[in-house]
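Each remark here refers to the structure printed beneath this line.
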Amino acid sequence: MTKRYVLVHDENKCIGCQACNVACRSENNVPESVTRLQVRIEGPYGNFPHLHFKYNRVSCEQCENAPCVKVCPTGAAYVNDDGIVSVNENKCVGCLYCVAACPYKVRFINPETRVPDKCDFCKDSRLARGEQPACVSVCPTQALTFGDANDMTSEVRRVLDTKPNYQQKVNLGTEPRVYRIPSRRGGIKA
Amino acid sequence: MNNIWGSMEQYDPVVWNWIIAVYLFMAGLSAGSMLVAIGLKWYRQSRGLPTEGLPVIKAAAVIGPVAICLGMALLVLDLTKPFEFYHILLNYNLTSVMAWGVIALLVYIPLVFVFAALVFEKQVLHYAPWLAGVLKVCGLLEGSLNKLIFALALGVGVYTGFLLSAMISYPILNTAVLPALFLASAMSAGSAGNILVATLFFSKKESDCIEQVHRIEYPVAFNEALCLVLLFVGLNFSGPAAQAATAAITTGTWASVFWIGVVGLGLVVPVLASTFAPKAWRHTKGFLITVSCSTILGVLALRHFVVYAGQSYIS
């Protein structure tokens, strides 16, 4: 069975501390002016006293049906065998078509390489060594779960099968591999 | 509120800028001028009228190659890696509209130069007599070449629309009307450009073919207006995100560009001018130059409006 790496962001457990953001920057040497990963704190929503914030993880969704890959004229944007949407820097001319076509706006031009950059689940570094992506391993509240969703015994499979979850912009048919567990309303009971 | 997660600069939904808008205009201008010139040639041939040395066809032979080459130069300079643009000529991903555009342009651009060389055969042979043999062969194939250029020009006009409509998350861009709108406006820019260049540089007294080009301006303007209406009425029926995007023509700077540039200069001025201007004016140089410049500016405004307003609304 082929691998299907997915990431689950539990918006109940997330506290918006940006440790993932910093760990990603450090692991992947992301230049200061740009970012592969942000957790945006949006809100407050609801009515007093039942207010809540939304913790919105913004990073590559690793779409199974990726618009960036479809529009790339040279095939520099491609889906790797492990399902991770990747960039072949040598084939890229920098037309920005993929950056414009991404519905989630998570691609950016790396000012050092002049090539589109984005989250790749740390595939060449940590994942290649059999470790979890930097954001997952650093998260202090264990809000992130990463793994192979095709492996029926994996933790990520269990989380997806037992907790309500959603994906962003499913109406576009992109089939994102980042899943989110929505925050419960009216406070969290231990 | 200050965000704590970092710079938001890279998340601007407007990724492609005015350089792309000008390229899309240039490609449309080139394709439109070829369509109009070859169409005029066929029209006159079918009536047994002479086609040699017509100012409009000479104008197209200038605009066709010059506009597309300027457009390509802009496009290459806008890449983040302009010196590695050749990769786009070596690698083709056929699900990408841009790759199909590259294929069409690779054939279209040389053929437009052949078209120009045949129109200005005497001048070309004067400076490059060694081309005589090649031009003779091209001259024999002229009929088929014109058909091929016409088909490729249609392709170039339409592809610039599909290039944008392939981006699924922008409601204004992601419609099937856009390629039709771009083709119709390419025809207006092409006919106006031909009239402008013909009037300025080639016209003597043969204003009759300018009149024939004028005749297609009404149907072309009608098609362009129809596409604009279809685009925005269609958006209104395509769900909340698309409905929100109709604000592009009611609020903000781009709404002014739309009403003053696209509708005013591009459609209202030319149509009113050709309908109500006194007969004595109609063939004066000043009138032809003013009206065609107005149309061209309108199409240029349309490309900017589509590129900027199109990317400003994301579903």
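The values are calculated or read from the model by the stated rules, or taken from the named source; none is laboratory data. Since we're looking at a predicted model, the values are computed, not measured. For neighbour counting, all protein chains shown are included, and Cβ atoms are generated from backbone atoms with ideal geometry for every residue, glycine included. Please note that ligands, DNA and RNA were not included when accessible areas were found on the heavy atoms of the full protein model with its side chains. Shrake-Rupley method; radii C 1.70, N 1.55, O 1.52, S 1.80 Å.
For the Cα atoms of chain A, what angle does the longest principal axis make with the long axis of helix A:19-28, in degrees from 0 to 90, nearest 10?
Compared with the principal axis, the helix lies near 20 degrees.
Suppose every K and R has +1 on its Cβ and every D and E has -1 on its Cβ; what is the size of the dipole of chain B about the Cα centre, in Debye to the nearest 20?
Charge dipole, chain B, about its Cα centre: 880 debye, nearest 20.
Among bridges DSSP assigns within the protein assembly as shown, what percent are antiparallel (round to 5)?
Working: 19 of 23 bridges.
Here the share of antiparallel DSSP bridges comes out near 85 percent.
For a test of the definition: using alpha carbon positions, the gyration tensor, and the 1.5 limit on a/c, classify the range A:112-182 as rounded, prolate or oblate.
It comes out oblate by the Cα gyration axes.
Determine the shape class of chain B: with a ≥ b ≥ c the square roots of the Cα gyration tensor eigenvalues, call it rounded for a/c under 1.5, and otherwise prolate if a/b is greater than b/c, oblate otherwise.
oblate
Just check the protein assembly as shown against the gyration tensor rule for me: Cα atoms, a ≥ b ≥ c as the square roots of the eigenvalues, rounded for a/c under 1.5, and otherwise prolate or oblate depending on whether a/b exceeds b/c. All intermediate terms of the calculation are to be shown ahead of the outcome.
Details: a/c = 3.12, a/b = 2.00, b/c = 1.56.
Taking the square roots of the gyration eigenvalues as a ≥ b ≥ c, the protein assembly as shown is prolate.
Run down the lysines and flag those whose C-alpha is under 19 Å from the C-alpha of B:LYS81, throwing out any fewer than 8 positions away in its chain.
A:LYS91, A:LYS118
Sorted by accessible area (1.4 Å probe), largest first, how do B:LYS122, A:LYS123, B:LYS147, A:LYS118 line up?
Reading off the accessible areas and sorting them downward yields B:LYS122, B:LYS147, A:LYS123, A:LYS118.
What lysines sit close enough to B:LYS136 to cross-link, taking a C-alpha to C-alpha distance under 21 Å and skipping anything fewer than 8 places away on the same chain?
Straight-line reach from B:LYS136, under 21 Å: B:LYS41, B:LYS58, B:LYS122, B:LYS147.
In the Gaussian network model of chain B, springs joining C-alpha atoms below 10 Å, which of B:GLY266, B:GLY28, B:GLY286 carries the largest mean-square fluctuation?
Evaluated over chain B, the most mobile residue of the options is B:GLY286.
With n ≥ 4 as the cut-off for DSSP H runs, can you work out [θ] at 222 nm for the protein assembly as shown, using -39500 (n - 2.57) per run divided by the number of residues, rounded to the nearest 500?
One gets -16000 deg cm²/dmol as the mean residue ellipticity at 222 nm.
Most fluctuating residue of B:LEU89, B:LEU200, B:LEU75 in a GNM of chain B with Cα springs under 10 Å: which is it?
B:LEU89
Among the aspartates and glutamates, which fall within straight-line cross-link reach of A:LYS54, defined as a Cα-Cα distance under 15 Å, with same-chain neighbours fewer than 8 residues apart omitted?
A:ASP10, A:GLU11, A:GLU42
Which one of B:ALA73, B:TRP42, B:PHE115 has its Cα pushed farthest toward the positive end of the charge dipole of chain B, where Lys and Arg give +1 and Asp and Glu give -1 at the Cβ?
B:TRP42
Give, rounded to the nearest 20 debye, the magnitude of the charge dipole that the range B:6-107 has about its Cα centre when Lys and Arg contribute +1 at Cβ and Asp and Glu contribute -1 at Cβ.
Dipole magnitude for the range B:6-107 comes out near 640 debye.
Once A and B are treated as a pair rather than alone, how much accessible area drops out, both sides summed, in Å² to 100, probe 1.4 Å? Each step should come with its number before you reach the end.
On the way: alone 10230 and 15990 Å², together 23030 Å².
Chains A and B together bury approximately 3200 Å².
Looking at A:ALA143, A:ASN21, A:CYS102, which one has the Cα that reaches farthest to the positive end of the dipole of chain A (charges on Cβ: Lys, Arg +1; Asp, Glu -1)?
The one lying farthest along the dipole's positive direction is A:ALA143.
How large is ³J(HN,Hα), in whole Hz, for each residue of the range A:42-53 in order, when computed from phi with the Karplus curve 6.51 cos²θ - 1.76 cosθ + 1.60 and θ = phi - 60°, using x for Gly and Pro?
10, x, x, 10, x, 10, 4, x, 9, 9, 8, 9
Specify the longest stretch of chain B that does not include any exposed loop site, a site being one of the GluC sites (Glu not before Pro) with a non-H, G, I, E, B DSSP assignment and at most 15 other Cβ atoms within 10 Å.
Answer - B:53-205.
Just round it to a whole percent: the fraction of Cα-Cα distances in the range A:6-132 exceeding 20 Å.
On the way: 3947 of 8001 pairs.
Taking all Cα-Cα pairs of the range A:6-132, the fraction more than 20 Å apart is 49 percent.
Counting only protein heavy atoms, what percent of the accessible surface of the range B:81-130 is carbon or sulfur at a 1.4 Å probe? Spell out each step's value before the answer.
Numbers: 2230 of 3010 Å².
For the range B:81-130, the apolar C and S fraction of the accessible surface comes to 74 percent.
Under the Karplus relation 6.51 cos²θ - 1.76 cosθ + 1.60, θ = phi - 60°, what is the ordered set of whole-Hz ³J(HN,Hα) values for the range B:240-251, x standing for Gly and Pro?
Coupling constants for the range B:240-251: x, 5, 5, 4, 4, 5, 5, 4, 4, 9, 10, 10 Hz.
Please quote Rg/Rh for the range B:36-111 to two decimal places, taking the Kirkwood radius as Rh and restricting both calculations to Cα atoms.
Working: Rg = 17.0 Å, Rh = 14.9 Å.
Result: Rg/Rh = 1.14.
What list of ³J(HN,Hα) couplings, whole Hz, do you get for the range B:43-51 from phi and the Karplus terms 6.51, -1.76, 1.60, once you set θ to phi - 60° and write x for glycine and proline?
Working through the residues one at a time gives 4, 6, 4, 5, 9, x, 8, x, 10 Hz.
Run the dipole for the protein assembly as shown about the Cα centre, Lys and Arg Cβ at +1, Asp and Glu Cβ at -1, nothing else charged, and hand back the magnitude in debye, nearest 20.
Numbers: 41 positive and 32 negative charges, 131 e Å.
Computed charge dipole of the protein assembly as shown: roughly 620 debye.
What whole number of Å gives the distance from the Cα centroid of the range A:92-143 to the Cα centroid of the range B:130-200?
Each part's Cα centre sits 39 Å from the other's.
So what's the Cα pair-distance distribution over the range A:6-79, bin width 5 Å, in %?
Percent of pairs per bin, in order: 3, 13, 16, 17, 18, 15, 9, 5, 3, 1, 0.
Can you list residues from other chains, or at least 5 along the same chain, whose modelled amide H is less than 5 Å from the amide H of A:PHE108?
Amide H neighbours of A:PHE108, under 5 Å, 5+ apart: A:ASP117.
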